[in-house]
Amino acid sequence: MAKLDLYENWVEILAFILLVLGFFMATSLSSAVVSYFIILLCGATSGRVLFKLKKTLKFPWMLITVGFLIGFVFGSFYGNRIVIAVLYVIGIIGSYYAHEKKFIK
């Protein structure tokens, strides 16, 4: 059995951890409106991270954020899953744009 190399597999490990975190976060929410608001904020946070790391490590962080989104979508019992994914992407794009235009520092 091969050993788990943290240096080589950090993206997959972090994506899995965020997938599980997103799943449990979504299952704990009891309203579609709250789920929509939380996923929009999570998207904005992901947009900030992607902006800060725009010169390096962009693809690994995209995989990690997709892992979180998949976990959140699978765990959301309230609300439309397509709306959740769209709001997440809107949060990422909006936050990235706000940082790029220096509306937010």
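Every number in this text was worked out from the coordinates using simple rules, so none of it is lab data. Since we're looking at a predicted model, the values are computed, not measured. Here the Cβ is made from the backbone with ideal geometry for all residues, glycine too, and neighbour counts use every protein chain on show.
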Loop chymotrypsin sites (Phe, Trp or Tyr not before Pro), the stretch 3-105 (other Cβ atoms within 10 Å of the site Cβ: 12 or fewer; DSSP): Tyr7, Phe77, Phe103
For the stretch 66-79, in residue order, the Karplus 3J(HN,Hα) values (coefficients 6.51, -1.76, 1.60; θ = phi - 60°; whole Hz; Gly and Pro = x) are 5, x, 5, 4, 4, x, 5, 5, 5, x, 7, 8, 10, x
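Give me the Å³ per residue figure for the convex hull around the C-alpha atoms of the chain.
Details: hull volume 11.0 nm³, N = 105.
Dividing the Cα hull volume of the chain by its residues yields 105 Å³.
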Pull out the extension gain between Leu21 and Arg81, defined as 0.36 nm times the separation in residues minus the alpha carbon to alpha carbon distance; nm, one decimal. 19.9 nm
With contacts defined as alpha carbon pairs under 8 Å and 6 or more residues apart, what's the relative contact order of the chain in percent? 42
